[in-house]
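What follows is a short report on a single structure.
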């Protein structure tokens, strides 16, 4: 290279470095701003550095070469800037998606850890009771016929609790695996509501809570589904409403059709759900502030928090939706399913 070439190179470098430094400062100030803006600035900085170097080394003489360079620079800018905008938006969407995915994964991991801890507790408690009572019966500590019958009844009760928990775990695993029942037929939601009310009547009566079905007699609105799974959904909602409602109150079931969808509503008198809790009611292993709910007993054992998650999973497997909102003296759970087309 000649001395003139070295002089031009040094002059271009002297002009380009400040432009690049200003661009770096701008990027640092924009690091908390939009990713799209940062990508555009990152694209423009080297192009402006090149332009500054070319203009200064030409001595600000608008020669044919400088005009040609300017035309090329403008043309490249017209292509590069929109491309940078598109790339920035794509990277921003991907970054947001990845961040949300990581947050969902962390939340799911926390829920799984809580679920394992709670289920371990729920399994140990009835097992410890069954073991203690069977040992008492085996050692002859309890010999009176009345006490023996009472122990047998308690053992049966604890065994049913264990069986229910295992059924919930099995149902949850099937939902996550997509292995839920596939046999579908037209099902009357009115009949499902009536049957759910009948099967929960004994526990509702014991809690002093009434259960009423507010639906017109007859077949009512039909959905295409598995009757056993839909019954499990409604029975879970009714049982949950009874458990959390105060004695002397009434749990109401109603069904109807709204256009292409059939709805079923369960209204309780639980006193409402806290604002911070209502968004997480259907989350895996979420229990909320059960101690403050109207019908929650201080002696009632904690549950694994699977029921509402299972119910929502079954509803979504039927192509429907489940929602909850505070309503009247308590809250309202609503199930919406596609109606059977004529």
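The values are calculated or read from the model by the stated rules, or taken from the named source; none is laboratory data. Note that the structure is predicted; figures quoted are calculated from it, not measured. Cβ coordinates were reconstructed from backbone atoms using ideal geometry, including for glycine residues, and neighbour counts include every protein chain displayed.
Scan (1) modelled with pLDDT under 75; (2) surrounded by 13 or more Cβ atoms within 10 Å (Cβ to Cβ) for the single condition residue 127 breaks and write down its number. Among (1) modelled with pLDDT under 75; (2) surrounded by 13 or more Cβ atoms within 10 Å (Cβ to Cβ), residue 127 violates only (1).
In the stretch 271-279, the count of residues that are assigned to a loop (DSSP other than H, G, I, E, B), modelled with pLDDT under 85 and surrounded by fewer than 17 Cβ atoms within 10 Å (Cβ to Cβ) is one or more. Exactly one residue out of 150, 109, 145, 139 is farther than 22 Å from residue 236 by Cα, modelled with pLDDT of 85 or more and either surrounded by 10 or more Cβ atoms within 10 Å (Cβ to Cβ) or out of contact with any helix residue (DSSP H, G or I) (no Cβ under 6 Å at 6 or more places or on another chain) (or both), and it is 150.
Against the condition surrounded by fewer than 17 Cβ atoms within 10 Å (Cβ to Cβ) and either within 23 Å of residue 320 (Cβ to Cβ) or out of contact with any strand residue (DSSP E or B) (no Cβ under 9 Å at 6 or more places or on another chain) (or both), how does residue 237 come out, does it pass? For residue 237, the condition - surrounded by fewer than 17 Cβ atoms within 10 Å (Cβ to Cβ) and either within 23 Å of residue 320 (Cβ to Cβ) or out of contact with any strand residue (DSSP E or B) (no Cβ under 9 Å at 6 or more places or on another chain) (or both) - is not met.
Which ones in the stretch 324-342 are under 20 Å from residue 251 (Cα atoms) and loosely packed, with under 14 Cβ neighbours inside 10 Å? Selection gives 325, 328. Which of the residues belonging to the stretch 234-265 are in a strand (DSSP E or B) and either outside the structural domain of residue 212 (by TED's automatic domain parsing) or farther than 20 Å from residue 319 by Cβ (or both)? Listed by number, the residues that qualify are 250, 251, 252, 253, 254.
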